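So the structure is just underneath, and the comments pick up after that.
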Amino acid sequence: MIELEQISLRYGPKVIFNEIGVVINARDRIGLVGSNGAGKTTFIKALLGLAEVDEGRIDKAKFVTLGYLPQDGVSTSGQPLLQEVEEAFESVIELRQRIEDANSKLDKLSAESEEYHELLELMGAWEHELDMHEAHKVKSKVETVLLGLGFQMSDMERSTNEFSGGWKMRIALAKLLLMQPSLLLLDEPTNHLDIESLQWLEGYLKSYEGALLIVSHDRAFLDTLCTKIFALSMGRLDVYAGNYSYFEEESAIRLDLLSKAQANQQRKLEKTERFIERFRYKNTKAKQVQSRIKALEKVDRIELESSEKQIDFSFLPPPRSGQKVLEVQGVHKSYEDLKVLAGIDFTLERGDRIAVVGVNGAGKSTLARIIAGEEPYQEGEVTIGHNVVPAYFAQHQADILDVEDTALSVVERASPVGEVGRARSILGSFLFEGDDVFKKVGVLSGGERNRLALAKILLARSNFLILDEPTNHLDMRSKDQLQSALLDYTGSLLIVSHDRDFLEPLVTRVLEVSQNSICWYYGSLSHYIAKKEEEALAAQGVAAPKEVSNSSNMSSKERRQHNARVREQLKPLKKKLTTFEERIAKYEAQVTDWEDKMKDPEFFKQGEQTQTGMQEYDSIKRKVDRLYEEWEEATQAYTELEAELQNS
């Protein structure tokens, strides 16, 4: 379908492509990977014809069409959403316009004229072509894709100018999917998607008829979709026949073999160089010396890619907080007429590790800002527990960092008294070196701002981290380092994220935020996703397939590791069940006290005092009901994990 032959490109002394060659076939699912600056964007632009190469050629079959989704910079026309996305069916729109123009022309022609009959024949052909394109299904196809990407039916007539940048990216993605180009080029397509939309996109792309080439830092996304990896490095393009996890394993093996080959080559070269130096001035050896000098000049020396620098840190031991870290009671939040949170109640306790998920616009980031004290709300109460030191990482760093501050001044201000001297060393571990520490926030890239915000959190010695999309703009290695540091972190966590691979080992509970309500799921993120799938099937009247334990296929080491992970999930659940039972007993005792008071007829004759008492009674009853719901879910999760442990 597309063939790159001996492509070479240099930018000054930097080699981007060195005689690379590869073929992209009609149904390929390719992940394009490489370190920053390796040439991923240039590779895509070369395919699109937007970047010229110094040497080589790119051959495309005549039928091949390309569709490109960039990371940012998309624009919309301001039309209603449905109309905007229908433009993906350009040929259908053109045919409809032809037929409409022809109808207007027919009115002016004599029914007896030759031109009239010719036009009728053309219109018949165009109508037949419309049928071939299934023009009658265009609207339903557009709506299906838009709903899958998270839009609502009420959005269909909204002007596209009303949507935020993230939603405009979804509009651009919807148009591309409906155009169905031969090769779909997607640059970080998951950045603006929530988990539900991401899962829908994965399902859609699995059955996509054309080829895919994806640049992404979402390991789970690449593992699910890709069957081939193009790895760019030092001007080379290496092909791996597998998903991203296979690439990681195989590239490590290749690097090890290459390192050994380089060491072996270096020993031979040094031996040759010693011979040349020893006999350079001996006439009897002159011919042999010259022969070896020429041989040295022709040697294709093995080079290893210099290791990309990565952030290197761990959280300092936080102070011990009280048992109750956070209590949210009856919180209401609206933006004018838009209700976001309505009467939200929940409690977090020491050691909780919570993932906050939900569709975009449900209020996840709003909730995080409210908890962090960065966002006002209309009703309710948010109480931070005893000796709790929260630290907040905002999704959009520009909202909380002063653009005129330097990187150094930001971390110095965040440093506790007596620890300002550590600021430079902390910045160094987050890749701010030399004069980089004097860069102003306003000129920093998205990745640099994220690293600076992480450095602030490290200095704060917080025991309650509130992280809103912390992996945005981080490469794979930096994400892995952050994940490792959080696994060792002994404080409490609340993380807003859609990165499944990042969240999976970190969290023990999932808080789903939906329109005006919340729902708890106990266990890991994969447990939450499985439960959502069960709920979706149940809503359709379909029984969820029973899981078959595959522990028999595990090695003894894998079984031990699996059981250890299950036990780690059981510990906080058991503790949570005890807490729920204690709180239920406490509130039920209060309910009994109020009901005893209500047995006295005088209770209902106290006017305002009676009304206040009844409100408090109703509030306690609601708390008991919620606690029972959470206790039942926790019990079910605990029972399932216990059964899993016994089966393995």
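Quick notes
- For the peptides 148-160, 326-338, the ranking by mean Cβ contacts within 10 Å, running from highest to lowest, is 148-160, 326-338.
- Under 25 Å between alpha carbons - lysine pairs in the range 571-647 that sit 8 or more apart or on different chains: 21
- Taking only Cα atoms of the range 290-388, radius of gyration then Dmax in Å: 27.0, 88
- This model, with +1 at the C-beta of Lys and Arg and -1 at the C-beta of Asp and Glu, gives the chain a dipole about its Cα centre of some 4340 debye.
- Peptides 361-369, 433-441, 421-429 ordered by average Cβ neighbours within 10 Å, highest first: 361-369, 421-429, 433-441
- Proportion of all alpha-carbon pairs of the range 215-329 beyond 21 Å (%): 65
- Principal axis dimensions, the range 571-647 - Cα atoms, whole angstrom, descending: 60, 15, 15
- Partner aspartates and glutamates whose Cα lies under 19 Å from the Cα of Lys60, excluding those fewer than 8 positions away in the same chain, are identified as Glu3, Glu5, Glu19, Asp28, Glu52, Glu209.
- The gain in end-to-end length when the Lys137 to Lys271 segment is fully stretched comes to 40.9 nm, 0.36 nm per residue minus the alpha carbon separation.
- Distance between modelled label sites at Ala111 and Thr639, nm, 7 Å Cα→Cβ extension: 7.6
- Percentage, to the nearest whole number, of Cα pairs in the range 473-538 over 13 Å apart: 69
- Percent of Cα pairs exceeding the 37 Å cut-off, where the set is the chain: 52
- The range 5-76-the range 286-361 distance, computed between alpha-carbon centres (Å): 28
- Summarising the label geometry, the points placed 7 Å from Cα in the beta-carbon direction at Asp436 and Asp72 lie 1.9 nm from one another.
- Binned Cα-Cα distances of the range 249-298, short to long, each 5 Å bin given as a whole percent: 4, 20, 20, 16, 11, 9, 7, 6, 4, 2, 0
- Of Lys40/Lys141; Lys228/Lys298; Lys14/Lys440; Lys168/Lys364; Lys40/Lys268, pairs whose Cα-Cα distance is over 26 Å: Lys40/Lys141; Lys228/Lys298; Lys14/Lys440; Lys40/Lys268
- Using 0.36 nm per residue and subtracting the Cα-Cα separation, the extra length available between Ala295 and Ser517 on full extension is 72.5 nm.
- Applying a DSSP loop filter and a limit of 12 other Cβ atoms within 10 Å to the trypsin sites (Lys or Arg not before Pro) in the range 1-66 leaves Arg27, Lys62.
- If you plug the beta carbon distance of Arg567 and Glu327 into 1/(1 + (r/R0)^6) with R0 = 35 Å, you get a FRET efficiency near 0.75.
Read-outs: derived from the displayed coordinates by stated rules, not from any lab. Note that this is a predicted model, so its numbers are computed, not measured. Glycine also receives a Cβ, built like all others from the backbone with ideal geometry; neighbour counts cover every protein chain displayed.
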